[in-house]
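So the structure is just underneath, and the comments pick up after that.
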Amino acid sequence: MELLSVLVALAAICVPLGLVAVASTSLSRVLWRAVPEAAPLFGVLGLAAASWLVFLGTWAAPAAGVIVAAVLLAGSLVVCLRSHLLELLRGALPLAGLLASAVLLSLGFAYLWGGSGPYDVIAERFFAFRLPIDNTIPSLFADRLSSGESTHALLGDWNGGDRPPLQSGLELLLRPLTLLGGMLVGAPAGAAAPEVVSFAADLAAQLLWVPAAFALLRLLRVPRGFALGAVAFALLLPSVAVNTVFTWPKLLSAALVLVSLGLVVAARHDPRRFVVLFALAVASAVLALLAHGAAAFAAPVLLVVGVSALRGRGMRTAVASMAWGAGAGLVLYLPWAVFQRVVDPPGDRLLKWHLAGVQEVDARPFVEALADRYAALTPSEAIATRLQNLSTVFGSDQFERLADGRFDLLTFLRVEDYTSTMVALGLVGAPLALVMAAVLATRWRSLDEPGRLTAQIVFGCFASILLWALVLFTPYSAIVAHGSHVWILLLAVLPFGWLLQRRPRLGCALLGVQAAVFLAVYWVPLLAPPGPLSRVALVVALAGAAGVLAVAVVMIRRESRPGVPAGVSEPLRAASGASSRT
């Protein structure tokens, strides 16, 4: 059964990817020693950096890419064997359990009605239409690059240079192991990785937001159990669950934006290493762009948090932080700019599509196309488009379906999930985010530092959504699929973590409500199912849902028991003590 093959492949690749992440965390210990809650950020950042190095090596020569990947994997193994991270890894077991349960839920739910070919199964499972083939692009790009072939016309009239390649780099990081496995089973020399392995790698990439979001919550002084509960809530949002298994790199990109925000918060807590941490935050934001260009729409929230962190640091520190950050960003992004403009030009098709409304191949430079399109608009048309995009954000653009005689509630709710940002936050998440924002706004002067940082991130997300809706050219184009998922993640985990610190029992009940709504709305396939209901997939999905809820509820109840002071949990004190002893 293909579901079991995917699960086995995912379990296998998590070992080398985990080694790279743990090695990166170990090597960067000096940077998070004073702020141990930031440790997971360095694991995610290190894995992304390794993927980028392998992409660059493979671009230079396929054999060089294999060598770079092999050196990174072998070096990570050596570092892990010599490190002393068992205590931290033991503390990560609840988070690992949450991740494993989320995988079982998403994959089991995806395969409920059978099917073959993981990319195709996912594309046809959740909506009344087939999702685009974007989830196959990272794998196609990796295959072309590793075989030394041109990436031009990668998929129809789309070139390799049209889509950022970081997720392809993560697939290529596993290339030495897939080649070795191919040799053992007698596959042709240099054969591409099996589809289930590529899919498993892509799926792992979409889960990196989980440790990143957990670390950010901890840095904002959300107790450990409540942080896990907040992450569990986000995992139960249909938009997050679907985009975990529909593996275009949106959640990978969002994970790196979360890392960037977390590193800025960590820099505020560690003035001695402020410059280095700030520069790494910029580097993570650039890597987010190299995963998916939608990260650019998160610029407002990054700017709000970044500028706030720079205030009061002194001119010398501020200038040094920005200079090192700009240097790191340029070093990372410049190779991709060269690839787009020299190796596989023009590389600006997505910019033309989303910002100028030009979807077909167009020889004009982006700036010229943008100017021509806006010159043809009247002011009233431009204003109407922005209002229509805002209506899409709130979901009101779909209300006309309610009067359709063929109205179907499940189809309507899933379309709203796919298009509307507010609906994607869920029946629980959207009202909670608005309530939290109102409370933070009215109590701004009395907020402590973590409260103000949280408020900055929340209102920065609203600013990011507004910018996104205003700059998209085509009417009703501000759908979830065209934006960054980082604001959905942030507006899910921050308000729910906030609620859990005040009403943990209510939070546990709402977790159950969110799980029930997800299962009820997405149970039935809207397209013709490929086969009968799979009992194995049903057991896997239910086990995953039970695991997510069990881990979350147990950790929330443990955190909320008497004797644990609000805001500072026992695990935080233990982690701080362990850090001071090393």
>> What are the equivalent ellipsoid semi-axes of the chain, built from the alpha-carbon gyration tensor (square roots of five times its eigenvalues), in whole angstrom, biggest first?
In response: 31, 30, 28
> Points 7 angstrom from Cα along the Cβ direction at A528 and W444: gap in nanometres?
Replying inline: 5.8 nm
> Averaged per residue, what accessible area in Å² does the chain show with a 1.4 Å probe, protein chains only?
Replying inline: 40 Å²
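Once Rh for the stretch 17-87 is found with the Kirkwood sum over Cα pairs, what is the Stokes-Einstein diffusion coefficient at 10 °C and 1.306 mPa s, in µm²/s?
D, rounded to a whole number, is 127 µm²/s.
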> Restricting attention to the alpha-carbon atoms of the stretch 240-378, what are Rg (one decimal) and Dmax (integer), both in Å?
Replying inline: 17.7, 53
>> Can you give the FRET efficiency to the nearest 0.05 for V307 and A63, using r as the Cβ-Cβ distance and R₀ = 60 Å?
In response: 0.85
> Nearest 0.05, what FRET efficiency do V8 and R505 give at R0 = 30 Å with Cβ-Cβ as r?
Replying inline: 0.20
> Roughly how many percent of the accessible protein surface of the chain is carbon and sulfur, given a 1.4 Å probe and a whole-percent answer?
Replying inline: 69 percent
>> Run the simple label-point estimate for L434 and V539 please: 7 Å along Cα→C-beta, distance reported in nm.
In response: 4.4 nm
> Hey, what do the phi angles of the stretch 166-177 turn into as Karplus ³J(HN,Hα) couplings, whole Hz, using 6.51/-1.76/1.60 and θ = phi - 60°, x for Gly and Pro?
Replying inline: 4, 5, 4, x, 5, 4, 5, 4, 8, 4, x, 6
> Hull surface divided by four, with the convex hull built on the Cα atoms of the stretch 130-274: how many nm²?
Replying inline: 11.6 nm²
>> Report the gain in length on full extension from S396 to T317: 0.36 nm times residue separation, minus Cα-Cα distance, nm rounded to one decimal.
In response: 23.8 nm
> Given a 1.4 Å probe and the protein chains all in place, what does the accessible area of V307 round to, in Å² to the nearest 10?
Replying inline: 80 Å²
> To the nearest 0.05, how large is the calculated FRET efficiency for A34 and R82 if R₀ is 25 Å and r is the Cβ-Cβ distance?
Replying inline: 0.65
> Which trypsin sites (Lys or Arg not before Pro) does the stretch 264-368 hold that lie in a coil by DSSP with at most 10 other beta carbons within 10 Å?
Replying inline: R311
> Once the Cα gyration tensor of the stretch 304-453 is diagonalised, what are the square roots of 5 times its eigenvalues, in whole Å and ordered largest first, as equivalent ellipsoid semi-axes?
Replying inline: 35, 32, 16
> When all alpha-carbon pairs of the stretch 33-127 are counted, what percent fall beyond 24 Å?
Replying inline: 52 percent
> Measuring from label point to label point, each 7 Å out along Cα→Cβ, what is the A337 to M183 span in nm?
Replying inline: 4.0 nm
>> Counting only helical runs of four or more DSSP H residues, what would the 222 nm mean residue ellipticity of the chain come to if each run contributes -39,500 (n - 2.57) and the total is spread over all its residues?
In response: -23000 deg cm²/dmol
> Based on the mean of other beta carbon atoms within 10 Å per residue, what is the order of 478-486, 216-224, most packed first?
Replying inline: 216-224, 478-486
> For the stretch 1-128, with the dipole built from +1 on Lys and Arg beta-carbon atoms and -1 on Asp and Glu ones, taken about the Cα centre, which of A11, V35, G114 lies farthest toward the positive end?
Replying inline: V35
> Could you give the longest part of the chain that holds none of the GluC sites (Glu not before Pro) found in DSSP loops with at most 12 neighbouring Cβ atoms within 10 Å?
Replying inline: 361-582
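The values are calculated or read from the model by the stated rules, or taken from the named source; none is laboratory data. No experiment lies behind these values; they were computed from the predicted model shown. Neighbour counts run over all protein chains shown; Cβ positions are idealised from the backbone, glycine included. For accessibility, only protein heavy atoms count, side chains too; no ligands or nucleic acids. Shrake-Rupley method; radii C 1.70, N 1.55, O 1.52, S 1.80 Å.
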